[in-house]
Amino acid sequence: SPHSVGMILANGNTGAALSMDMSQCNTYYSRDAGRTWNMVVPHPSVYDFADHGGLMLFARTDAPSSHLAYTTDEGTTVSQWVLGNGLPQGINVFNILAKPGGDTQQFIVHGQINASKDGVLLHVDFSGLNLPRCQPSDFEQWSPGCIDGVRTTYLRRKASSSGFDSKASEPVVN
């Protein structure tokens, strides 16, 4: 995404070959365009980025769940977002979509209520976390390298920063 440059989320496993056994799969994150990977959540997930990659939301795909997982620091800390009281049996999540534009803290979660099989759309708004606004020291320059003879450098949030960001991922040097 142009709003979260160099950041990739993917489901997979470690080992010599890709396992099709979902019990062996986890969700992994790369902040360097796929050169290195770290496990974020220990199960396969549907997911999306918001706030220029500084906010990630995950939902299990292998079982119904009554909570979602999220991180504001690129997976260093993963917290739980408990779904409303009306969903005690959990939901099967099919998709997560961040509100268009890179600076949002809002998601739409599409799923099915496990007990009734009724469809559901949930609006999840993280603005209530009251994350501080990022300061200039919270950013770094990053480049994916030279592509077609052009090196573009982007301004993005440091992995160690967990504030709200409204200006990252804009090219700073061509």
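The values are calculated or read from the model by the stated rules, or taken from the named source; none is laboratory data. From a predicted model like this one, the values you see are computed outputs, not experimental measurements. Note that each Cβ is placed from the backbone with ideal geometry, even for glycine, and that neighbours are counted across all protein chains shown. Surface accessibility is based on the protein's heavy atoms, side chains included, excluding ligands, DNA and RNA. Shrake-Rupley method; radii C 1.70, N 1.55, O 1.52, S 1.80 Å.
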Once amide H atoms are placed 1.01 Å from N in the peptide plane, what residues at a sequence separation of 5 or more from PHE94, or on another chain, have their amide H within under 5 Å of its amide H?
-> HIS110, GLY111, GLN112
Per residue, how many Å² of accessible area does segment 50-127 show with a 1.4 Å probe?
-> 46
Using only Cα atoms, locate the centre of segment 1-54 and the centre of segment 146-161, then give the distance between them in Å, rounded to an integer.
-> 19
For the chain, which whole-number percentage of the solvent-accessible area (1.4 Å probe, protein heavy atoms only) is attributable to carbon and sulfur atoms?
-> 51
Highest-fluctuation residue, ASP32, ASP138, ASP118 considered, GNM on the chain with Cα pairs under 10 Å | ASP118
Using modelled amide H (1.01 Å from N, peptide plane; none on Pro or chain starts), what sits under 5 Å from the amide H of VAL40, excluding residues fewer than 5 places away?
-> THR27, TYR28, TYR29
Relative contact order in percent for segment 62-157 (Cα pairs under 8 Å, 6+ apart) equals 16
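Which FRET efficiency, nearest 0.05, do ILE113 and SER137 yield, Cβ-Cβ r, R0 41 Å?
On the way: r = 45 Å, r/R0 = 1.09.
Given R0 = 41 Å and the Cβ-Cβ separation, E is 0.40.
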